[in-house]
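Report on the structure given below.
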Amino acid sequence: MGANWMQFVAGGLTAGAVYALVALGFSIVYHASRAINFAQGEFVMIGGMGAVSLVALGLPLWAAVPLAVAGAMLVGLLVQRLALEPAQAGGQADVVTLIIITIGVALFLRGLAQLVWDKGIHSLPAFTGSEPMHLGGATVMPQSLWVLGGSAVAVLALGWFFGRTLLGKAMRATAINPLAARLMGISTRGVMRLSFVLAAALGALGGVLTAPITLTSYDVGVMLGLKGFAAAILGGLGSFGGAVAGGLLLGLIEGLGAGFVSSAYKDVIAFVVILAVLFFLPGGLVGARGSERV
Amino acid sequence: MSRLTATLRRFTRAALPLALPLLLTAPAAAQEPIRVGTFLAVTGPASFLGDPEQKTLEMMVDKINADGGINGRKLQLISYDSAGDAEKARTFTKRLIEQDKVDVLIGGSSTGETMAAVPLAEAAGIPFISLAGAVVIVEPTKKWVFKTPHTDRMACEKIFVDMKARGFTKAALISGSGGFDKSMRAECVKVAPNQGIQIVADETYGAADTDMTAQLTKIKGSGAQAVLNAGFGQGPAIVTRNYKQLGLTQPLYQSHGVASKEYIKLSGDAAEGVRLPAAALLVADLLPAGDPQKPVVTAYRNAYQDKYKTDVSTFGGHAYDGLMLYVNAVKAAGSTDKAKTRDAIEATKGYVGTGGVVNMSPTDHMGLDLSAFRMLEVKNGDWTLVK
Amino acid sequence: MPAAASVSDRRATAAGERGGVPARAPQLALLAAVLALLPLGFANNYFYEVAILVALNAIVCIGLNLLIGYAGQISLGHAAFYALGGYGSAIAATRWGWPVWLSLPAAVVAMGLLAWAVGRPTLRLKGHTLAMATLGLGVIVSIVLVNEDRLTGGPDGMTVPPLVVAGRALQGEPTWYAIVAVVLWLAVWLAGNLIDSPVGRALRALHGSEVAAQTLGVDSARWKLRIFVISAVFAATAGALTAHYAGFITPAKASFLHSVELVIMVVFGGMASIWGAVVGAAVLTLLPQLLTVLKDYEMMVFGAVLVATMVFFPRGIVPTLARLVAKD
């Protein structure tokens, strides 16, 4: 029973690390523009499928992965530039409109992926082999450690970027007060674009890290987008630490729920827990419990 | 006899041999195409089924037309993408029947889509050959509805017979939450006792889940001697990989839903030793020379792989069988009259298809028996026949 | 945003007080005429089918629009009410032997009660938290419908018996078109009455600023809950009618994707506009039927159309067009 428990946790954390990366993407975009980017899951898909097709073309893994992530970043920039900026420029678009636009973008990207790639399921080779490792009674694939490690590095890098670099601080300033930031010479438009590019990079990173474990296909973004959004809200939308905590927690609840309660209803258990948290802590686990501007 | 009558007689005797060919060819020149209507899950969660089905129908319709058509008439394929959604399937079926005025319906990749269209086919009196798996489609038998794929019950029976032959009495089930998965799981639970198998664990996973180690850990401790995974898509591939990761040694059986090279590729060497029931199509090269299915499956497989540069799929094979059953019925009935073609389909005997040898009857609108399934095992990354 | 709201406010109140004749009367008469004359252009039953689907979606959207556009709340789980309305009636009729003319309204009433029970704690949340809560509830319903297959028939769904009234089974597209057209007209009429009444003004005050509305004595919690219940009732009615019309229902009707589709219809057509809801439902039901000829390109084109429309019509089609007309 003890060993089982460890296995449930290991599986849950692996899934949770992916949710964390997707949730981080949601938080970054929300931080900058108050909008929910429902195309976030598609960036994960582009990272995974992109790497798969580059490997199929003959590129070695260590080249395909960064290229795929770079490709996703380019797509993110184009999305912000072509789909969102025209809407934001008019000044009329409210948040709901922007959300619907991102949904349209998600459909467009998914439809395009069907044509550029195909409708099948694909896998990436594991980065460092696929011999299971035994850790404390549980068996873990080496790739899981890559996923967890990659997420940790991403979070640390983001923390350093937003905390210590001028650009990162400029982005935080824009989120707090766009007008003041612009008065200080910070380009809001540039900040928005950068947020999208960062969010795309995080999503794509999640995609390439997990494709060896979870497999990938043109529609893998739908469920991931949903769970990543749930994780981001659970942790507190706009908070990076919250996004990571939310993602890991969601994965853990799923794993433990499947193991100890019911595998059929594990998602129900997870959502019930999320709802319970939200009723008592509407800002999420780490979210600001601040006052609302009237 | 008057001179007029004699002249008319002579004229008629001379003209008739000339007129007759004219009378026969004139309608042929203005012949209507035979309209084949289809609604398939080309995109969406069941695209694993619908995409090869669509490709197969397009390929075969082109081929038949290039060979001159049926009874001098060309086939026209009118197809819609129902994306695995039952309501879309219903609306498109209505469109096919009312707007496109098709002569036959061949489609319904999933059971949900098929069952939504069944009442429409029955009410309109149009033959409907379904490409979906569940036994409920033909049980109870509906006058206008037929199906080509083996039922999920047959798959369960085939697997349990094999388990019994290996001396197993306790088995575990793990299945997904899709229609195919749940339907097959329910049938397996029903028929397991017939072979003396007791189900000691029954786990499920979500359609888009990426980690089944929790479920398999529970199965590990359940005392099962063999495990049956009823599902299709990426779930079974992940189950297979997790199976190896956790070091489970009990034999793993998969369903006919993953009877494809793609499954082996995705599962990697974790697929070694996995057994599943499948149509002869997958092992065309391994069939003995005298096997009646060998020429049919080899020809179809070569044509499909040449045209689409991708591995052949059992589901594409079901579409092939569906179309050929109809084509044969039209030839036998001599027309596309819906009632006559329906009767001809029902009277099919000894049709050798990719799924097996089909013998239909008024009480059996599928026509396959257990021998249509072959038990396969994965060895060295490829299929082998289990004797 | 404030300017537009006050202009339409002024118009509505002035119109409402114009000689006692409700301003909506000509619009309602036009709707009735269109609904009655439309079938003249139907070449076959397929046309009826599409029209029926448009009308059913419009009924849901009118209700959802009241919630999103007027009351300013969000629901990403409304498909659950729709599906449960259908399943409720189907289960009561099939497994408990109720006659359909009883099970259908019973299911609708049950959904109203459920909305009331669920809405009280949920509507205390705001913004994205509310979105997540409604999303979560919708997903939970969806999963339960899939797993409880003994009751619901599982992922493949269940057959639904036809609506039998006074011994006659109501089947066939023209019959159902008549039923659905009447219900749609009633829905438009009810929603219009609601908006033109003091309740409507309270709602719009809520949407403008909940805190300000509260300081003016508007009991925001009660009004939000009422509109939530009304929108759930609209959705459940449409869901139950669809189930008995199609003779079939599947858990996909409760999915997150379906909820999102409904929200898209409302925003696309125009929030805070009954006609926007109808237009949104019509366009987004017809579009897939038209785009299906594009086969593999359908999803991409649909996404592009959605993006382009929202970029050029940021308030939705009807309000943006209305504004353009007003400017002239």
Take region A:1-44 and flag every residue that is in a helix (DSSP H, G or I), within 12 Å of chain B (Cβ to nearest Cβ) and of a type in the set (A, V, I, L, M, F, W, C). A:ALA3, A:TRP5, A:MET6, A:PHE8, A:VAL9, A:ALA10, A:LEU13, A:ALA15, A:ALA17, A:VAL18, A:VAL44
Right, B:LEU120: under 21 Å from B:MET324 (Cβ atoms) and in a helix (DSSP H, G or I) or not? no
Of all residues being hydroxyl-bearing (Ser, Thr, Tyr) and farther than 19 Å from C:VAL50 by Cα in region C:251-290, which is modelled with the lowest pLDDT? Just the residue, please. C:SER273
Being within 14 Å of chain B (Cβ to nearest Cβ) and touching a residue at least 40 places away in the same chain (Cβ under 8 Å), is that true of even one residue in region C:232-239? yes
Determine if region B:317-333 includes at least one residue that is assigned to a loop (DSSP other than H, G, I, E, B), free of Cβ contacts under 8 Å to residues at least 40 places away in the same chain, outside the structural domain of B:ASP162 (by TED's automatic domain parsing) and within 20 Å of the chain's Cα centre (by Cα). no
Considering only region B:330-349, state which residues are in contact with a strand residue (DSSP E or B) (Cβ under 9 Å, 6 or more places away or on another chain) and either more than 14 Å from B:ASP364 (Cα to Cα) or crowded, with 16+ Cβ neighbours inside 10 Å (or both). B:VAL330, B:LYS331, B:THR336, B:LYS338, B:THR341, B:ARG342, B:ILE345, B:GLU346, B:THR348
Has region C:246-256 got at least one residue that is surrounded by fewer than 24 Cβ atoms within 10 Å (Cβ to Cβ), touching a residue at least 24 places away in the same chain (Cβ under 8 Å) and facing chain A (nearest Cβ under 8 Å)? yes
Which condition does C:LEU137 not pass, out of (1) among the hydrophobic types (A, V, I, L, M, F, W, C); (2) at the interface with chain A (Cβ under 10 Å from one of its Cβ atoms); (3) crowded, with 24+ Cβ neighbours inside 10 Å, if it passes all the others? (3)
Residues (assigned to a helix (DSSP H, G or I), among the β-branched types (Val, Ile, Thr) and surrounded by fewer than 17 Cβ atoms within 10 Å (Cβ to Cβ)) located in region A:150-183: A:VAL153, A:ILE176
I'd like to verify a number: residues in region A:247-268 that are aliphatic (A, V, I, L, M) and either farther than 27 Å from C:ASP149 by Cα or away from chain B (no Cβ under 12 Å) (or both), how many? 4
Among the residues of region B:244-264, which ones are under 21 Å from B:VAL200 (Cα atoms) and more than 11 Å from chain A (Cβ to nearest Cβ)? B:THR249, B:GLN250, B:PRO251, B:LEU252, B:TYR253, B:GLN254, B:SER255
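Can you pull out every residue in region B:99-119 that is surrounded by fewer than 21 Cβ atoms within 10 Å (Cβ to Cβ) and not charged (D, E, K, R)?
B:GLN99, B:PRO119
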In this structure, does A:THR216 turn out to be of a type in the set (Ser, Thr, Tyr) and touching a residue at least 60 places away in the same chain (Cβ under 8 Å)? yes
Whichever residue in region B:338-362 is touching a residue at least 40 places away in the same chain (Cβ under 8 Å) and part of a helix (DSSP H, G or I) and, among such residues, is nearest to B:VAL138 (Cα to Cα): B:GLU346
With criteria (1) of a type in the set (Phe, Trp, Tyr); (2) crowded, with 22+ Cβ neighbours inside 10 Å; (3) within 14 Å of chain B (Cβ to nearest Cβ), C:PHE228 comes up short on (3)
For the structure I just gave you, tell me whether B:SER109 is at pLDDT 90 or above and in a strand (DSSP E or B). no
In region B:216-296, which strands (runs of 3 or more DSSP E) lie fully inside it and hold 3 or more residues that are more than 18 Å from B:THR204 (Cα to Cα)? B:275-278
Could you tell me which residue of region B:122-136 is nearest to the chain's Cα centre (by Cα), considering only residues that are at pLDDT below 95, buried (at least 24 other Cβ atoms within 10 Å of the Cβ) and of a type in the set (A, V, I, L, M, F, W, C)? B:ALA132
Can you name the residue in region A:184-216 that is among the hydroxyl-bearing types (Ser, Thr, Tyr) and surrounded by fewer than 24 Cβ atoms within 10 Å (Cβ to Cβ) and, of all such residues, is farthest from the chain's Cα centre (by Cα)? A:SER187
Considering B:LYS142, B:LYS170, B:LYS164, B:LYS190, which residue is in contact (Cβ under 8 Å) with a residue 24 or more places away in the chain and over 25 Å from C:ASP149 (Cβ atoms)? B:LYS164
Condition set within 17 Å of the chain's Cα centre (by Cα) and more than 9 Å from chain C (Cβ to nearest Cβ), scope region B:90-112, selection farthest from B:VAL42 (Cα to Cα): answer is B:VAL104
If we scan region C:113-132, do we find a residue that is touching a strand residue (DSSP E or B) at 6+ places or on another chain (Cβ under 9 Å) and either within 14 Å of chain A (Cβ to nearest Cβ) or not charged (D, E, K, R) (or both)? no
Conditions (1) more than 24 Å from B:LEU370 (Cα to Cα); (2) under 26 Å from the mean Cα position of the chain (by Cα); (3) buried (at least 24 other Cβ atoms within 10 Å of the Cβ): number failed by B:THR217: (2)
Filter region A:68-105 down to the residues that are within 7 Å of chain C (Cβ to nearest Cβ) and touching a residue at least 12 places away in the same chain (Cβ under 8 Å), then identify the one that is surrounded by the fewest Cβ atoms within 10 Å (Cβ to Cβ). A:ALA87
For B:GLU58, indicate whether it is touching a strand residue (DSSP E or B) at 6+ places or on another chain (Cβ under 7 Å), within 14 Å of chain A (Cβ to nearest Cβ) and at pLDDT 95 or above. no
Would you please list the contacts, defined by Cβ atoms under 6 Å and residues six or more apart or on different chains, that run from a residue in region B:44-62 that is free of Cβ contacts under 8 Å to residues at least 24 places away in the same chain to a residue that is β-branched (Val, Ile, Thr) and crowded, with 24+ Cβ neighbours inside 10 Å? B:ASP51/B:VAL42
Yes/no for B:ALA171 being buried (at least 24 other Cβ atoms within 10 Å of the Cβ), under 26 Å from B:GLN225 (Cβ atoms), away from chain C (no Cβ under 14 Å) and more than 17 Å from the chain's Cα centre (by Cα): yes
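The values are calculated or read from the model by the stated rules, or taken from the named source; none is laboratory data. Computed from a predicted structure; not experimentally measured. Because the Cβ atoms are built from the backbone with ideal geometry, glycine has one as well, and the counts that use them run over all protein chains shown.
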